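Participant: Handing you this structure, nothing more for now.
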Amino acid sequence: MKKVKEELSMMCNQAKEMLRLAYLGFKHHSLKRIEEAKEIGKGIHLQSEELTTLLVKEEVASLVGFPGHFERIGDAIESILTTTQTKIKEGLMLSDKALAEVDLIFTGIDELLSCLSDNIQIKNKVILEHMVERINGLNRLASESATKHEERLIAGICMPKVGPLYLNILDSLRQINWHIKEMILHQNMGEGPK
């Protein structure tokens, strides 16, 4: 059981590193960071199947869905990477306000992935409940950011060509939050090992 939890924590940390590289690529217009993140994503996909098989064999029902959630988190990050590549190749820039909004959400998700990695090893229901509150707050921020983006677009502060890219990033970040929340809820209610 300990090995399985260590593998899941490692997978969580890989998703966290992939997100960090995606953020650096996004923030600094770095195609190199995007490529590094894509390589980590390939590893997450490979590890997902192996770890799911192991969890089924070990009969760890409370954690069996985690590798699939990490794989979907990787997919959402890959969407951010694709969007960022387009942003870089077309020389598109987001407003300072949009960058600040995305920065807050990226930072929040990074913190959540750190907490999740720790809680896979040692389940703490209080921290898990706090994490759900944090996810809900980040999702509200993402929704408010999308609304504010529309207002900036109408005011002429944002370029129409950037809008779909920005909204795609926000949607991808919400998808990551959803998968983290599903793991937290399942772990919090599951009767798996403590």
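Participant: I'm told Glu71 meets every condition in (1) under 24 Å from Leu141 (Cα atoms); (2) under 17 Å from the mean Cα position of the chain (by Cα); (3) free of Cβ contacts under 8 Å to residues at least 40 places away in the same chain except one. Can you identify the failing condition by its number?
Facilitator: (1)
Participant: Quick one: which of Lys27, Lys3, Lys32, Lys42 is farther than 29 Å from Leu92 by Cβ and open to solvent by 80 Å² or more (accessible area, probe 1.4 Å)?
Facilitator: Checking each option against the conditions leaves just Lys3.
Participant: Continuing with the same structure: Pick from Ser48, Ser9: which is part of a helix (DSSP H, G or I) and crowded, with 19+ Cβ neighbours inside 10 Å?
Facilitator: Only one candidate qualifies: Ser48.
Participant: Sticking with this one: Can you run down the residue pairs with Cβ atoms below 9 Å, 6 or more apart or on separate chains, where the first is in the range 142-170 and among the β-branched types (Val, Ile, Thr) and the partner is open to solvent by 20 Å² or more (accessible area, probe 1.4 Å) and in a helix (DSSP H, G or I)?
Facilitator: Within 9 Å, the pairs are Ile157/Lys97; Ile157/Glu151; Val162/Leu153; Ile169/Ser79.
Participant: Can you name every residue in the range 114-133 that is polar (S, T, N, Q) and out of contact with any helix residue (DSSP H, G or I) (no Cβ under 7 Å at 6 or more places or on another chain)?
Facilitator: First, the residues of the range 114-133 that are polar (S, T, N, Q): 114, 117, 119, 121, 124.
Within the range 114-133, just Asn124 meets the criteria.
Participant: So which pairs qualify, if the first residue must be in the range 110-124 and touching a residue at least 40 places away in the same chain (Cβ under 8 Å) and outside any helix (DSSP H, G or I), the second must be open to solvent by less than 50 Å² (accessible area, probe 1.4 Å) and not aromatic (Phe, Trp, Tyr), the Cβ gap must be under 7 Å, and the two must be at least 6 apart or on different chains?
Facilitator: If the second residue must be open to solvent by less than 50 Å² (accessible area, probe 1.4 Å) and not aromatic (Phe, Trp, Tyr), the pairs left are Lys123/Gln187.
Participant: Also, I was wondering about something else. Please go through the range 58-94 and give me each residue that is within 18 Å of Ile120 (Cβ to Cβ), open to solvent by 50 Å² or more (accessible area, probe 1.4 Å) and in a helix (DSSP H, G or I), ordered by number.
Facilitator: Selection gives Glu58, Arg72.
Participant: Moving on. Please work out if Leu173 is of a type outside the set (Ser, Thr, Tyr), touching a helix residue (DSSP H, G or I) at 6+ places or on another chain (Cβ under 7 Å) and under 21 Å from His28 (Cα atoms). Write out each step before concluding.
Facilitator: Details: of a type outside the set (Ser, Thr, Tyr): yes; touching a helix residue (DSSP H, G or I) at 6+ places or on another chain (Cβ under 7 Å): yes; under 21 Å from His28 (Cα atoms): yes.
Criteria met by Leu173.
Participant: Here's a follow-up. Is it the case, given these coordinates, that Glu182 is assigned to a helix (DSSP H, G or I), among the charged types (D, E, K, R) and open to solvent by 70 Å² or more (accessible area, probe 1.4 Å)?
Facilitator: It is false that Glu182 is assigned to a helix (DSSP H, G or I), among the charged types (D, E, K, R) and open to solvent by 70 Å² or more (accessible area, probe 1.4 Å).
Participant: Here's another thing I want to ask about it. When you scan the range 144-161, do you find a residue that is in a helix (DSSP H, G or I), under 23 Å from Met18 (Cβ atoms) and open to solvent by less than 50 Å² (accessible area, probe 1.4 Å), even just one?
Facilitator: Yes, the range 144-161 contains a residue that is in a helix (DSSP H, G or I), under 23 Å from Met18 (Cβ atoms) and open to solvent by less than 50 Å² (accessible area, probe 1.4 Å).
Participant: Got a number for residues in the range 96-133 being of a type in the set (A, V, I, L, M, F, W, C) and more than 24 Å from Glu6 (Cα to Cα)?
Facilitator: So the count comes out to 7.
The values are calculated or read from the model by the stated rules, or taken from the named source; none is laboratory data. The structure presented is a predicted model; accordingly, all values stated were derived computationally and were not measured. When we count neighbours, we look across all protein chains shown, and the Cβ atoms used for this are built from the backbone with ideal geometry, even at glycine. Just so you know, the surface numbers come from the protein's heavy atoms only, side chains and all, with ligands and any DNA or RNA stripped out. Shrake-Rupley method; radii C 1.70, N 1.55, O 1.52, S 1.80 Å.
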